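Before any comments, here is the structure.
The values are calculated or read from the model by the stated rules, or taken from the named source; none is laboratory data. Values in this document were obtained by computation on a predicted structure and should not be read as measured data. Quick reminder, even Gly has a Cβ in these numbers, built from the backbone with ideal geometry, and neighbours come from all protein chains shown.
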Amino acid sequence: MNVFNRIIVVLLLLVIIVLAAVYVIAPGESLRVVAVTADWLQRGTVNYVESDRLLFAGARVIIGGALIILCLLILWLELRRPRRKSIRAQKLEGGEARITIESVEQRLEYNIDQLPDVIKVSPQVTGRTRGVDVDLLLETSPEVDIPMKTEEVLQVTREVIVERMGLKLGKVQVKIKHAPYPKE
C-alpha cells in the first residue's frame with residue numbers, strides 16, 4: 001500500500017504543479033480554457049441524455065457505484081491498522097525488549113501441549129496497548145473435566161505470558177473441541 005500511496009501522491013502533485021504553473025503564467029487564458037471545456041462537456045452531456053436517457057442513467061449508476069466502491073476500498077486499506085508483529089515487554093528496567101507474536105504463540109503452544117489430555121492447541125495472540133489478548137483453540141480427549149482443564153490452561157497461560165515472558169496479560173478466551181470417541 002505504501003508504494004501505491006506514493007505513486008498517487010506524486011501524480012497528484014505533478015498535476016497540481018502543472019496546473020498552478022499554467023494559471024500563474026496565463027491566468028486569463030487558463031480560466032477561459034476551463035470555461036470552454038466545461039461548456040463543451042455540459043452540451044455533450046445534455047445531447048447524450050436527451051438521445052438515450054435510460055442508457056445514460058444506467059451507465060451513471062454503474063460507473064458511479066464502481067468508483068465509490070473503489071474509493072471506499074482504498075480508504076479502508078489506508079485507514080486500517082496492520083496487525084502488530086511484536087510486543088513490548090513490561091518488566092524491564094533501563095531498556096526495552098520486543099518479543100515477536102510468533103514467539104509468544106510458539107511458547108504457549110509448546111507449554112499447553114505438554115498438559116495431559118490436551119491433544120492439540122492453536123493459540124492466536126493479539127498485541128494490545130493494555131496487554132496481550134490470547135485466543136486458544138484446544139482439542140482434548142473426550143473424557144476431560146472441562147472446568148478443571150480450563151483452569152489449568154489459564155494458569156499455564158498466565159505463567160508463560162506474565163512470569164516467563166514479562167508481558168501484560170489481557171483477555172484470555174479458551175475454546176475446547178473434543179476429539180471423537182474411539183469406535184468400538
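If you check Ile146, Ile112 for being over 30 Å from Asn5 (Cβ atoms), at pLDDT 85 or above and in contact with a helix residue (DSSP H, G or I) (Cβ under 9 Å, 6 or more places away or on another chain), only one passes: Ile112. Do we have any residue at all in the range 71-81 that's over 30 Å from Thr126 (Cα atoms), surrounded by 10 or more Cβ atoms within 10 Å (Cβ to Cβ) and outside the structural domain of Ile101 (by TED's automatic domain parsing)? No: the range 71-81 contains no residue that is over 30 Å from Thr126 (Cα atoms), surrounded by 10 or more Cβ atoms within 10 Å (Cβ to Cβ) and outside the structural domain of Ile101 (by TED's automatic domain parsing).
Scanning the range 163-180 for residues that are touching a residue at least 60 places away in the same chain (Cβ under 8 Å) and either touching a helix residue (DSSP H, G or I) at 6+ places or on another chain (Cβ under 9 Å) or exposed (fewer than 12 other Cβ atoms within 10 Å of the Cβ) (or both) yields Met165, Leu167, Lys168.
Within the set Val134, Val156, Val160, Val118, the sole residue that is at pLDDT 90 or above, closer than 18 Å to Lys177 by Cα, of a type in the set (A, V, I, L, M, F, W, C) and surrounded by 13 or more Cβ atoms within 10 Å (Cβ to Cβ) turns out to be Val134. Here Val18, Val9 are screened, and the one residue that is at pLDDT below 85 and under 30 Å from Ile74 (Cβ atoms) is Val9. Reported count of residues in the range 142-171, each being farther than 19 Å from Ser86 by Cα, β-branched (Val, Ile, Thr) and either not in a loop (DSSP other than H, G, I, E, B) or not assigned by TED's automatic domain parsing to the domain that holds Ile101 (or both), is 4.
To keep it simple, each residue is scored yes or no on (1) surrounded by 10 or more Cβ atoms within 10 Å (Cβ to Cβ); (2) hydroxyl-bearing (Ser, Thr, Tyr).
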| position | (1), (2) |
| --- | --- |
| Pro27 | yes, no |
| Ser30 | yes, yes |
| Val33 | yes, no |
| Ala38 | yes, no |
| Glu50 | no, no |
| Ala57 | yes, no |
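Being under 30 Å from Arg128 (Cβ atoms), of a type in the set (Val, Ile, Thr) and part of a helix (DSSP H, G or I) is a property that Val15 lacks. Screening Glu139 against (1) within 28 Å of the chain's Cα centre (by Cα); (2) touching a residue at least 12 places away in the same chain (Cβ under 8 Å) leaves a single unmet condition, (1).
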